[in-house]
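A short write-up of the structure that comes next.
The values are calculated or read from the model by the stated rules, or taken from the named source; none is laboratory data. All of these numbers come straight from a predicted model, not from anything done at the bench. Because the Cβ atoms are built from the backbone with ideal geometry, glycine has one as well, and the counts that use them run over all protein chains shown.
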Amino acid sequence: MGRGRAAGYDEQRETILARAAELFAQRGYSATTMNQVAEACGLSKPALYHYYKDKYALLVSIADTHVSRLETLVQGVLARKAAPRAQMRALVEGLVGEYAFAQHAHRVLTEEVKFLEPGDQQRILEKERAIVSGFAKVVTAIRPDLLATPMGKPLTMLLFGMINWMFTWMRPDGELGYEDMGPMVADLFLNGLSRVAVPKAKKEMPH
């Protein structure tokens with residue numbers, strides 16, 4: 001009969017992921033060693049390998065765990081029977097709230113996924129597409145006139161442009177925190193969305 005996991009196993013794995021994400025975000029995946037991860041976690045290298053078999057496994061787990069949490073957030077909001085504007089506010093504030101506690105993981109997701117193998121990249125990409133699709137669905141629910149246009153995704157990507165790079169300029173000791181930014185971004189997007197005009201169709205150039 002196999003030996004069961006020790007108490008706190010899952011908590012230790014999460015701690016390791018957090019420390020590894022911080023190192024990958026600050027130094028880059030390629031420049032970080034398992035020795036450095038072990039030292040940051042207060043573990044011996046053999047103990048670290050008890051939780052993750054190699055550095056690549058850490059990268060996969062960081063990216064997959066982060067994007068899966070975002071996907072779950074989106075699915076949860078869409079499952080609620082709420083008005084579209086309320087759903088969008090919940091999506092925006094929820095996403096910003098997640099980033100507040102996962103800044104390092106988010107940087108890894110945006111900058112280090114190039115080191116993932118094709119199969120792992122594809123799995124992560126599919127989850128990211130599901131997140132974008134969920135937001136775009138709410139955008140067109142707010143503006144039904146956009147359903148017959150390709151505007152849902154571009155507007156969603158513009159929204160993500162406001163959110164996704166906050167970690168590059170927000171300071172932990174700044175006057176505004178993520179709890180302030182969530183409602184602010186939601187207000188900016190929702191109150192400006194009604195003013196967005198659909199671009200006129202491009203005229204075909206003569207051959």
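Test each condition in (1) within 30 Å of residue 59 (Cβ to Cβ); (2) modelled with pLDDT of 95 or more for residue 142 and report the one that comes out false.
So residue 142 meets the others, but not (1).
Out of the residues in segment 154-173 that are among the β-branched types (Val, Ile, Thr) and either surrounded by 11 or more Cβ atoms within 10 Å (Cβ to Cβ) or at pLDDT 90 or above (or both), which is nearest to residue 104 (Cα to Cα)?
Among those residues, the one meeting the criterion is 163.
The rows are residues; the columns are (1) in a helix (DSSP H, G or I); (2) modelled with pLDDT under 95; (3) not hydroxyl-bearing (Ser, Thr, Tyr).
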position: 133; (1), (2), (3): yes, no, no
position: 149; (1), (2), (3): no, yes, no
position: 175; (1), (2), (3): no, yes, yes
position: 179; (1), (2), (3): yes, yes, yes
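Quick one: which of 197, 130, 148 is within 24 Å of residue 88 (Cβ to Cβ), in contact with a helix residue (DSSP H, G or I) (Cβ under 9 Å, 6 or more places away or on another chain) and either surrounded by 12 or more Cβ atoms within 10 Å (Cβ to Cβ) or among the aliphatic types (A, V, I, L, M) (or both)?
130
Return yes when residue 99 is at negative phi, of a type in the set (Ser, Thr, Tyr) and more than 18 Å from the chain's Cα centre (by Cα) and no when it is not.
Criteria not met by residue 99.
Evaluate segment 111-128: report whether one residue or more is under 22 Å from residue 192 (Cα atoms), under 12 Å from the mean Cα position of the chain (by Cα) and free of Cβ contacts under 8 Å to residues at least 40 places away in the same chain.
No, every residue in segment 111-128 fails to be under 22 Å from residue 192 (Cα atoms), under 12 Å from the mean Cα position of the chain (by Cα) and free of Cβ contacts under 8 Å to residues at least 40 places away in the same chain.
Do the conditions hold for residue 198, that is, is it part of a loop (DSSP other than H, G, I, E, B), in contact with a Ser or Thr (Cβ under 7 Å, 6 or more places away or on another chain), in contact (Cβ under 8 Å) with a residue 40 or more places away in the chain and among the aliphatic types (A, V, I, L, M)?
It is true that residue 198 is part of a loop (DSSP other than H, G, I, E, B), in contact with a Ser or Thr (Cβ under 7 Å, 6 or more places away or on another chain), in contact (Cβ under 8 Å) with a residue 40 or more places away in the chain and among the aliphatic types (A, V, I, L, M).
Can you report the number of residues in segment 85-100 which are among the β-branched types (Val, Ile, Thr) and out of contact with any Phe, Trp or Tyr (no Cβ under 9 Å at 6 or more places or on another chain)? Explain how you work it out, then say what you get.
Initial filter on segment 85-100 (among the β-branched types (Val, Ile, Thr)): 92, 96.
Narrowing the set further to residues that are out of contact with any Phe, Trp or Tyr (no Cβ under 9 Å at 6 or more places or on another chain) leaves none.
Going through segment 85-100 one residue at a time, the tally reaches 0.
Name the residue that is farthest from residue 99 (Cα to Cα), counting only residues in segment 63-81 that are touching a helix residue (DSSP H, G or I) at 6+ places or on another chain (Cβ under 8 Å) and of a type in the set (S, T, N, Q).
Of everything passing the filter in segment 63-81, 75 is farthest from residue 99 (Cα to Cα).
Taking residue 30 as meeting all but one of (1) within 15 Å of residue 113 (Cβ to Cβ); (2) in a helix (DSSP H, G or I), write down the number of the exception.
Only one criterion is unmet by residue 30, namely (2).
Considering each residue of segment 77-102, count those that are part of a helix (DSSP H, G or I) and in contact (Cβ under 8 Å) with a residue 12 or more places away in the chain, and give that number.
18
Is segment 33-54 home to any residue that is closer than 22 Å to residue 152 by Cβ, in contact with a Lys or Arg (Cβ under 9 Å, 6 or more places away or on another chain) and touching a residue at least 24 places away in the same chain (Cβ under 8 Å)? Full working, then the answer.
As a first pass, look at segment 33-54 and keep what is closer than 22 Å to residue 152 by Cβ: none.
Looking for residues that are closer than 22 Å to residue 152 by Cβ, in contact with a Lys or Arg (Cβ under 9 Å, 6 or more places away or on another chain) and touching a residue at least 24 places away in the same chain (Cβ under 8 Å), one finds none in segment 33-54, hence no.
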